[in-house]
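Report on the following structure.
The values are calculated or read from the model by the stated rules, or taken from the named source; none is laboratory data. Everything numeric in this text was worked out from a predicted model, so none of it was measured. Please note: Cβ atoms are built from the backbone with ideal geometry, for glycine as well, and neighbour counts cover all protein chains shown. To get the accessible areas, we keep the full protein, side chains included, count just its heavy atoms, and leave off ligands, DNA and RNA. Shrake-Rupley method; radii C 1.70, N 1.55, O 1.52, S 1.80 Å.
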Amino acid sequence: MTVSNLLTLQSQLLSVIEPVLDEMPAGVLKQALVDAFRSQETELLDIEQSFQTLTARHHGAAQLRTFFGSWSKTNNSAASVSGLASRITLLARSEQGGAAADQLYRVCGSLQRITDEDLGALGNTLHSELFYNMATPICGDDQWLLKENCLPAAQAFKDWTDARRLRDRDLLQGLLTTLVHEVYTHGEVEFIHPLFKQWFERDMGVPAAKVRSTVAWVTVHTGGTESNHFAHATAAVEGFVEAMGVDVVKSAAQEIFIEYLQRKAAVMRDCAHCLN
């Protein structure tokens, strides 16, 4: 076994994410993602450690408000993904009658399939409401929503992802940011699901009968949910580059993926620090 394989096996997040990447067709996107995730293994291990620190014992309300208030900024992306879809419809309108327009509308369709569940479009509970129903009983109240409970690195992460999707002149930047977010999130929810279920009941006083409803935000994202979202995000990138006649440059894509993972890890390290 090579040294790189031994390193890969150390990260539980990677062990969940890599099988999804393995299913991608060979090409620039796949290689950029694989190389980015493998190169950032220490960042992934730091993220894992932050959740292990959280779920190791009971914590005070102030620390938990900071953790959940900051962590939430790295997750709730549906609004800016929808904003990115809006920007692409505006581009499609400007291309009306051209060959690219129909393809761009299909790209929007792929992006909307990512946000269907989050925004309650399928008749289910808004995912922001599910997160509220998880964080509030754990923190003791909903003060975790206050801006004062959001760490600077967490706000910087959200500002960066929003800027990629909503303000960057190159729309591909937003699509690539969404792509890495969806496959990373697949790993995160699968990793934290068993930790949270045990922690809620053992240390945080959630009655056994209420654990399922409290952890619902995590549960709804497990299984195929996020990997399906990743497939839609992949289709969006591929449809966009085809419509616009551009290519994904591996080094540029990999740079975005790495920056995403480094910014995420910075947030989670700070979240763990606030627990100590």
**Complete:** Here D for the range 101-189, in µm²/s, from Stokes-Einstein with a Kirkwood Rh over Cα pairs at 37 °C and 0.692 mPa s, works out to 213 µm²/s
**Request:** Output the relative contact order of the range 38-160, whole-number percent, from Cα pairs under 8 angstrom with separation of 6+ residues.
**Result:** 36 percent
**Request:** Report the paramagnetic label zone for S213: residues of the range 114-136 whose backbone N is under 19 Å from a point 7 Å from Cα along the Cα-to-Cβ axis.
**Result:** 124-136
**Request:** Using the heavy atoms of the protein chains and a 1.4 angstrom probe, tell me the accessible area per residue for the range 110-225 in square angstrom.
**Result:** 44 Å²
**Asked** Could you give the semi-axes, largest first, of the ellipsoid that matches the chain, computed as the square roots of 5 times the alpha carbon gyration tensor eigenvalues and rounded to whole Å?
**Response** 32, 22, 17
**Complete:** Rh_Kirkwood(the range 32-92) over Cα pairs, Å, one decimal, evaluates to 14.8 Å
**Item:** Theoretical ellipticity at 222 nm over the chain - DSSP helices of four or more residues, -39500 (n - 2.57) apiece, nearest 500
**Value:** -24500 deg cm²/dmol
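Taking the chain, how many lysine pairs are there with alpha carbons less than 14 Å apart, if each pair must be eight or more places apart or span two chains?
Values: K30/K250; K73/K147; K73/K158; K73/K264; K147/K158; K158/K264; K197/K210.
Total qualifying Lys-Lys pairs in the chain comes to 7.
Work the Kirkwood hydrodynamic radius out for the range 149-276: mean of 1/r over every pair of different alpha-carbon atoms, inverted, in Å. The partial results should precede the final answer.
On the way: mean 1/r = 0.0603 Å⁻¹.
Result for the range 149-276 stands at 16.6 Å.
Can you tell me how the range 20-150 classifies by the Cα gyration tensor, rounded, prolate or oblate, using a/c under 1.5 as the rounded cut? Spell out each step's value before the answer.
Details: a/c = 2.85, a/b = 1.52, b/c = 1.87.
Oblate shape, in that a/c is at least 1.5 and b/c is the bigger or equal ratio.
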**Fill in**
Taking Cα atoms only, helix 12-22 is inclined relative to the longest principal axis of the chain by an angle, in degrees rounded to 10, of 20 degrees
**Asked** Taking Cα centroids, how far is the range 60-95 from the range 105-145 in Å?
**Response** 10 Å
**Asked** Between the helical axis of 41-54 and the dominant principal axis of the chain, each derived from Cα atoms, what acute angle in degrees is found, rounded to the nearest 10?
**Response** 40 degrees
